[in-house]
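See below for the structure under consideration.
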Amino acid sequence: MEFSWPWEYDFPPFFTLQPNLDTQKKQLEAWRKLVIDYCHHNKIFVLDVQESIPLFQNKTIDRQLSSEGIKRVLEILQENNQIEWCDKSKKQCFVYWKTPQEWGNLIYCYIIDKGMTNTVCTFYELTEGDDVKNEEFAGLDKSMLLKALETLEASKKAEVIMFGGSEGVKFF
């Protein structure tokens, strides 16, 4: 399925930070929603802001958001707890269309529904296995999976383990 761009994406002023603060607030909210929807649709869990991100460039109308504009959009996303920086230099960020806790809850509900408590699953089984291919967490990025599993560890529902060079998790 192809991504459905909002109408603003083909509107040239959308790519220039608006000087009127009320208008800019609406513009940044539209960008915030676009980033989340785009990342969700394309299953982007980690955004590398050093790379050229097609999302911020509309070649059809020959426009791109300035680096200042991208910075403001990312600030709005962070204020809304929808990104978390991976590093202090702010080169990469986790994108949260679901929080790690929400991902953890989805995984744990799946484990409960399948009667898999007191079993060990590899990370591969949880994200790439045939049994999960229709689950929303299928294809979950490993770093996001770890964050999700950490929330389950904190609530004593799971324990991340290493065995024979593989990573897995035991669910309780």
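The values are calculated or read from the model by the stated rules, or taken from the named source; none is laboratory data. Everything numeric in this text was worked out from a predicted model, so none of it was measured. We place every Cβ from the backbone using ideal geometry, glycine too, and count neighbours over all the protein chains shown. SASA here: full protein model, heavy atoms, side chains in, ligands and nucleic acids out. Shrake-Rupley method; radii C 1.70, N 1.55, O 1.52, S 1.80 Å.
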*Taking interchain pairs and intrachain pairs at least six residues apart, which have beta carbon atoms under 9 angstrom, with the first residue in the range 151-171 and of a type outside the set (Phe, Trp, Tyr) and the second assigned to a strand (DSSP E or B) and exposed (fewer than 11 other Cβ atoms within 10 Å of the Cβ)?*
168/162
*Using beta carbons and a limit of 7 Å, which pairs, at least six apart or on different chains, have the first residue in the range 1-20 and on the phi > 0 side of the Ramachandran plot and the second one at pLDDT 95 or above?*
none
*Of residues in the range 5-23 being assigned to a loop (DSSP other than H, G, I, E, B) and either open to solvent by 90 Å² or more (accessible area, probe 1.4 Å) or aliphatic (A, V, I, L, M) (or both), the one farthest from residue 74 (Cα to Cα)*: 11
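Matching residues to (1) assigned to a helix (DSSP H, G or I); (2) modelled with pLDDT of 95 or more; (3) open to solvent by less than 60 Å² (accessible area, probe 1.4 Å); (4) touching a Leu at 6+ places or on another chain (Cβ under 8 Å):
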site: 121; (1), (2), (3), (4): no, no, yes, no
site: 137; (1), (2), (3), (4): no, yes, yes, yes
site: 150; (1), (2), (3), (4): yes, yes, no, no
site: 153; (1), (2), (3), (4): yes, yes, no, no
site: 168; (1), (2), (3), (4): no, no, yes, no
_Those residues of the range 155-166 which are among the charged types (D, E, K, R), open to solvent by 70 Å² or more (accessible area, probe 1.4 Å) and in contact with a strand residue (DSSP E or B) (Cβ under 9 Å, 6 or more places away or on another chain), in sequence order_ = 159
*What is the one condition in (1) more than 28 Å from residue 85 (Cα to Cα); (2) among the acidic types (Asp, Glu); (3) not in a helix (DSSP H, G or I) that residue 131 does not satisfy?*
(3)
